[in-house]
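Taking it in order: structure first as structure tokens, then the write-up.
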Amino acid sequence: MREMVNMDYMDHISDFFGFMKKATTAVQTVDTIKERLDGEGFMELDLNEPWTLDLSGKYYLAPFPSMLVAFTIGSSKDQTQKLKIIAAHTDNPGFRIKPCPEVDSEGMLTLNVERYGGPILNTWFDRPLSIAGRIAVRSDEVLKPKVIHLDLQRPILIIPNLAIHMNNEVNKGVEIKVQKEMQPLLTQLIEDEVKDDHLLNLIAKEAGVDREDILDMDLNVYCSEEGILVGAKEEFISCPRIDDLSMVYAAMEALVGSKSEEGINMIAFMDNEEIGSMTRQGADSVTLSTILKKIRMGMVATKELPSGQMTDCFVISADGAHGLHPNYAEKNDITNKPIMNKGMTIKISGNRSYASEVETIAAFQQLCDRTGVKYQKFVNHSDQRGGTTLGPLLSKYIPVRVVDVGVPMLAMHSTRELMGKQDFLDSIEIFRTFFQLEE
């Protein structure tokens with residue numbers, strides 16, 4: 001298994017970088033995944049229509065623009081009660097453009113934005129930024145405006161730092177105010193230009209619509225830099241949005257690259273994890289459990305699931321893990337210190353902010369052994385409060401076995417994050433082994 005990884009790893013790396021160039025916001029991420037699944041012969045389903053599901057079938061649905069669920073059904077009719085899920089999230093910390101966003105300061109036009117999630121603010125300064133998201137356009141149906149997805153895919157924004165000569169305390173740590181200091185610079189007005197609707201005109205031209213027909217915009221700012229390999233041996237991956245699109249990509253690759261005779265393999269990508277998941281497209285909703293019920297009904301309809309139940313279910317909740325930072329080793333737990341390129345990380349919490357428990361931890365260890373890759377364990381430093389994941393929320397709505405795992409990372413929530421190349425490649429192989437288990 002390890003030899004296969006080494007043979008084609010550059011293909012995975014270059015393909016991942018291409019994926020990340022397109023997966024700029026949660027909406028664009030789902031669009032990019034749909035394009036890949038269409039090319040792999042998956043059939044799109046509609047949540048509002050009845051389903052008739054077949055053995056050996058490959059299906060997906062995007063019930064909301066930033067959420068996607070895809071699944072394959074095994075060829076063995078006697079084993080369709082097994083269900084294996086890998087869950088990840090499509091969103092990442094950043095900035096959302098507010099309505100009426102243009103601000104004119106002596107002819108320098110900036111945009112009014114609000115923070116989304118918990119970005120490391122100072123990492124957004126002096127980087128090429130772009131805009132992507134959705135716009136709603138006037139239509140003949142009052143309650144159904146036309147929605148257009150767009151991505152400018154070029155650097156049109158930047159947030160310049162204030163020179164150290166005017167901010168002498170900057171290297172001592174200065175609080176950053178989003179409302180004042182994080183307004184990205186869009187353009188410079190010339191001669192008699194006025195500030196009104198520069199962004200609106202730009203978006204209308206990009207979308208090919210009249211500006212008067214644009215009713216509302218849901219647009220996000222993103223870092224337009226691309227992923228690269230870094231390190232003396234090119235052993236690290238530096239890229240925007242590693243948390244959590246590295247796990248989204250690995251799960252997608254595993255699903256399309258695996259075959260199984262038994263049960264159902266599924267990837268479930270939810271939105272809004274960075275702000276608590278309490279949306280219809282988030283994990284703290286009934287959407288995924290509704291989809292599982294639809295799958296059962298669709299299989300009963302074709303007599304592929306006589307009992308109407310899937311009794312054996314295991315979920316891998318895949319999200320970034322905190323690796324040991326060489327300059328801040330004291331921030332990690334004193335005995336559990338995941339290191340990049342030393343193995344996939346199992347995330348454990350006594351207060352259940354992670355869903356891992358002894359049975360599922362042991363199961364994942366055996367899965368790593370079966371794959372032939374290393375694993376590590378992460379527990380928060382006892383004097384620091386850690387984050388949470390999709391895992392506890394998924395088990396809140398569907399009583400299943402869950403393990404929380406992820407690649408160990410540095411600079412989580414920075415504009416550019418860092419992970420080990422080998423850990424990333426191992427995650428694809430572990431997920432592929434998981435989907436191909438037949439026992």
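The values are calculated or read from the model by the stated rules, or taken from the named source; none is laboratory data. Nothing here was measured: the structure is a model prediction, and the numbers come from that model. Glycine also receives a Cβ, built like all others from the backbone with ideal geometry; neighbour counts cover every protein chain displayed. Surface accessibility is based on the protein's heavy atoms, side chains included, excluding ligands, DNA and RNA. Shrake-Rupley method; radii C 1.70, N 1.55, O 1.52, S 1.80 Å.
Some observations on this one:
- Note on the stretch 381-439 and the stretch 219-297: Cα centroid distance 10 Å, given to the nearest whole angstrom.
- Take every pair of alpha-carbon atoms less than 8 Å apart whose residues are at least six positions apart; their mean separation over the length of the chain yields a relative contact order of 22 percent.
- Basic side chains Lys and Arg get +1 at the Cβ, acidic Asp and Glu get -1 at the Cβ, and with that the dipole of the stretch 55-124 about its Cα centre reaches some 640 debye.
- Highest-fluctuation residue, LEU129, LEU292, LEU83 considered, GNM on the chain with Cα pairs under 10 Å: LEU292
- Normalised by the number of residues in the stretch 317-361, the mean separation of alpha-carbon contacts (under 8 Å, six or more apart) gives a relative contact order of 27 percent.
- Fully extended contour minus Cα-Cα distance, from ASP15 to LEU215, at 0.36 nm per residue: 68.4 nm
- Backbone N under 14 Å from the ARG115 label point (7 Å along Cα→Cβ), restricted to the stretch 408-439: 413-415
- The charge dipole of the chain, taken about its Cα centre with unit charges on the Cβ atoms of Lys, Arg (+1), Asp and Glu (-1) only, comes to about 1200 debye.
- Reachable lysines, given that their alpha-carbon falls under 22 Å from the alpha-carbon of LYS58 and they are not under 8 places away in the same chain: LYS34, LYS77, LYS82, LYS84, LYS259, LYS293, LYS294, LYS303
- Farthest toward positive dipole pole in the chain [+1 Lys/Arg, -1 Asp/Glu at C-beta], among LEU83, GLN365, GLY173: GLN365
- Entry note, the stretch 48-191: relative contact order of 20 percent, from Cα contacts under 8 Å with a spacing of 6+ residues.
- For the chain, the per residue solvent-accessible surface stands at 47 Å², with DNA, RNA and ligands left out and a 1.4 Å probe.
- For the peptides 275-282, 23-30, the ranking by packing is 23-30, 275-282, with the highest mean count of neighbouring Cβ atoms within 10 Å listed first.
- Screening the chain for whole DSSP H helices with an alpha carbon extent of at least 24 angstrom along the helix axis and a mean Kyte-Doolittle hydropathy of at least -1.0 yields 2-22.
- Using only side-chain charges placed at the Cβ, +1 for Lys and Arg and -1 for Asp and Glu, the dipole size of the stretch 1-131 relative to its Cα centre rounds to 400 debye.
- The peptide list 139-147, 55-63, 219-227, put in order of mean Cβ contacts within 10 Å with the highest first, becomes 219-227, 55-63, 139-147.
- Protection proxy ranking, peptides 336-343, 255-262, 195-202, 424-431, average beta carbon neighbours within 10 Å, highest first: 424-431, 336-343, 255-262, 195-202
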